[in-house]
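Report on one structure; see the data block that follows.
The values are calculated or read from the model by the stated rules, or taken from the named source; none is laboratory data. Since the structure is predicted, the reported quantities are computational estimates derived from the model, not experimental observations. Cβ placement follows ideal geometry from the backbone for every residue including glycine, while neighbour counts extend to all protein chains displayed.
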Amino acid sequence: MRTENITADFVDMHKFEKLNTEAFPKQERVPVKNFLKMAEDRLIDLIAVYDGKVFVGFCAVMADAPTAYLCYFAVEKSLRRRGYGGKILKLLREKYAGCQMVLDLELIDESAPNNEQRITRRDFYLRNGFYPTGYGMAYFGMEFELLCGGPEFDMGDFMRVIDKLKAKNFRPRVFETDLY
């Protein structure tokens, strides 16, 4: 497997755009032009992942040691459940070695229509070395659980990274959870 930075002249832009649209609900999706601008401004690492010549997926990481915030992560729909997600997380752990790798995912909510998907996603991250931090984050009217893979979670270090996000109306609220 190999990685490649996604820039405005990225050869598989149409695949990136399609996956971004398919993988993320509208309220969570970042427009491709915004991703490219953040990457150009060095706010995020926008990374395509390949298996040989096959585009497998992409991720967006805000990295400022000792924290790497995996804000977006998607694998091509036809390639899911084939071990690529775990391999990509392993690549990211190597790339950001020594950092607390933090991500957020939708809270488990029995009343949510996609609760089974939420449980499956959470279980995937737990199987791949992430652990509940005991914190959540709310933004844009949605609530997420924070998971960490790597050294002990440090909220102060994580918030230093989050504070660099200057998206319109992005004012995250952190709260404690009882999800362990």
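Name the pairs whose Cβ atoms lie under 8 Å apart, with the first residue in the range 10-24 and farther than 10 Å from Phe55 by Cβ and touching a residue at least 12 places away in the same chain (Cβ under 8 Å), the second β-branched (Val, Ile, Thr) and part of a helix (DSSP H, G or I), and 6 or more positions between them or separate chains?
Close Cβ pairs (under 8 Å, with a partner that is β-branched (Val, Ile, Thr) and part of a helix (DSSP H, G or I)) amount to Met13/Val32; Glu17/Val32; Asn20/Val32.
Please state which one of Gly149, Gly134 is surrounded by 14 or more Cβ atoms within 10 Å (Cβ to Cβ), among the small types (Gly, Ala, Ser) and either closer than 24 Å to Glu94 by Cα or touching a Phe, Trp or Tyr at 6+ places or on another chain (Cβ under 6 Å) (or both).
Only one candidate passes the filter, namely Gly149.
Give the range 8-56 a look and list any residue that's over 17 Å from Cys71 (Cα atoms) and aromatic (Phe, Trp, Tyr), or say none.
Result: Phe10, Tyr50, Phe55.
Return the total of residues in the range 37-68 being under 16 Å from the mean Cα position of the chain (by Cα) and part of a helix (DSSP H, G or I).
Residues in the range 37-68 being under 16 Å from the mean Cα position of the chain (by Cα) and part of a helix (DSSP H, G or I): 2 in total.
Taking Met62 as the residue in question, decide whether it is in contact (Cβ under 8 Å) with a residue 60 or more places away in the chain and buried (at least 18 other Cβ atoms within 10 Å of the Cβ).
Taking the combined requirement at face value, the residue satisfies it.
If Glu76 satisfies every condition in (1) surrounded by 17 or more Cβ atoms within 10 Å (Cβ to Cβ); (2) of a type in the set (D, E, K, R); (3) within 14 Å of the chain's Cα centre (by Cα) but one, which is the exception?
Answer for Glu76: the failing condition is (3).
Regarding Val11, is this residue among the aliphatic types (A, V, I, L, M), within 13 Å of the chain's Cα centre (by Cα) and either crowded, with 16+ Cβ neighbours inside 10 Å or on the phi < 0 side of the Ramachandran plot (or both)?
Here the answer is no, as Val11 does not meet what is asked.
Which of the strands (runs of 3 or more DSSP E) contained wholly in the range 76-180 include at least 1 residues that are modelled with pLDDT of 95 or more and out of contact with any Lys or Arg (no Cβ under 7 Å at 6 or more places or on another chain)?
Fully inside the range 76-180 and qualifying: 100-106, 131-139, 142-149.
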